[in-house]
1. In the range 178-215, how many are in contact with a Phe, Trp or Tyr (Cβ under 8 Å, 6 or more places away or on another chain) and within 9 Å of the ligand (Cβ to nearest atom)?
2. Looking only at the range 16-30, which residues are in a loop (DSSP other than H, G, I, E, B) and either within 7 Å of the ligand (Cβ to nearest atom) or at pLDDT below 95 (or both)?
3. Give the range 101-159 a look and list any residue that's part of a helix (DSSP H, G or I), within 20 Å of Pro66 (Cβ to Cβ) and either within 16 Å of the ligand (Cβ to nearest atom) or basic (Lys, Arg) (or both), or say none.
4. Within the range 236-253, does at least one residue satisfy the condition of being assigned to a helix (DSSP H, G or I), touching a residue at least 40 places away in the same chain (Cβ under 8 Å) and more than 23 Å from Arg15 (Cα to Cα)?
5. Just to be sure before I move on: is Ala126 touching a Pro at 6+ places or on another chain (Cβ under 7 Å), without any contact (Cβ under 8 Å) to a residue 40 or more places away in the chain and of a type outside the set (Ser, Thr, Tyr) in the structure I sent?
6. Kindly provide the set of residues from the range 54-73 that are assigned to a loop (DSSP other than H, G, I, E, B) and aliphatic (A, V, I, L, M), ordered by number.
Amino acid sequence: MTESGREGLAALLARPEGALVALDFDGTLAPIVNDPERAYAHPDALPALARLAPRIGVLAIITGRPAEVAVRLGGFAGHPELAGLTVLGAYGAERWDAASGALHRPPPHPGIAAARAELAALVERAGPGVLLEDKGNALAVHTRTAPDAAGVFAALREPLTELAARLGLALEPGRFVLEVRPPGMDKGAALTALAREKGASAVLYGGDDLGDLAAFDAVAKLREDGVPGVRVCSGSTEVAELAAVTDLTVDGPGGIAALLSALARSIG
Ligand SMILES: O=P(O)(O)OC[C@H]1O[C@H](O[C@H]2O[C@H](CO)[C@@H](O)[C@H](O)[C@H]2O)[C@H](O)[C@@H](O)[C@@H]1O
């Protein structure tokens, strides 16, 4: 644990009713699997979240998934303990609040329809094991199940970067995934806005992938602005570099669930 992380954690435990705990979904609450449609939350995640939520100010999920997909795969709806949960989907462009059940979803970016048509052909040509995940307002090309997952990922990066730029979209690289999505929002902006909205006195953010870097940067910026925070890496061999920019590394989604349970026990 870094010194700043220690301070962030101490502030969270000293005044848990003012704390914001925000977590990524895939790779942090849900183990990574081959089929994105079957990426369910770790069995210990929901009980840990349910124990922690009533003991802190705000619990949030900030994910690249559409908000309603994260709610479904996480099993987050209909739990009295999670009545205050907020899920920010599509890197913060979408919002679902458990309290009201309301879902805010912006209209699709005009470039997405054109990207959809082009990507279908590109994925077809890329060979076996390359999958297209259609998220409505974003398109993710997965190479995890290709025979040469890393090679295909590297080969697709340039054409997808070019396609995204041409259509006014952004390219979001992740764990064997290249996502084409609307620009203008990231997890850092989403986390900062939520922290300000809720008047958070301390922040904890946990994530596992490159898309979480903006949120880790946001925690560092909040710290400079006087809001203590702690950055937790859900560790993996796939994104080993993340440990260098976080305060604490735990062993994947199981480690995250154990940390959340330990926080709930410490708060009492
Ligand atoms: O922001 P996140 O919640 O971490 O979502 C990021 C992307 O996660 C998903 O892909 C990743 O998980 C899949 C299921 O375990 C795995 O097969 C894939 O290799 C990973 O990259 C999701 O499918 C994407 O849409 C998200 O953007």
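The values are calculated or read from the model by the stated rules, or taken from the named source; none is laboratory data. This is a predicted model, so every value here is computed, not measured. Note that each Cβ is placed from the backbone with ideal geometry, even for glycine, and that neighbours are counted across all protein chains shown.
1. So the count comes out to 5.
2. Hits for the range 16-30 are Asp24, Phe25, Gly27, Thr28.
3. Ile112, Ala115, Arg116, Leu119, Val123
4. Taking the range 236-253 first, the residues assigned to a helix (DSSP H, G or I) are 240-245, 252-253.
Then drop every residue that is not touching a residue at least 40 places away in the same chain (Cβ under 8 Å), which leaves 252-253.
Narrowing the set further to residues that are more than 23 Å from Arg15 (Cα to Cα) leaves 252-253.
Yes, there is a match, as at least one residue in the range 236-253 is assigned to a helix (DSSP H, G or I), touching a residue at least 40 places away in the same chain (Cβ under 8 Å) and more than 23 Å from Arg15 (Cα to Cα).
5. Details: touching a Pro at 6+ places or on another chain (Cβ under 7 Å): no; without any contact (Cβ under 8 Å) to a residue 40 or more places away in the chain: yes; of a type outside the set (Ser, Thr, Tyr): yes.
Spelling it out, it is not the case that Ala126 is touching a Pro at 6+ places or on another chain (Cβ under 7 Å), without any contact (Cβ under 8 Å) to a residue 40 or more places away in the chain and of a type outside the set (Ser, Thr, Tyr).
6. Matches in the range 54-73: Ile56 only.
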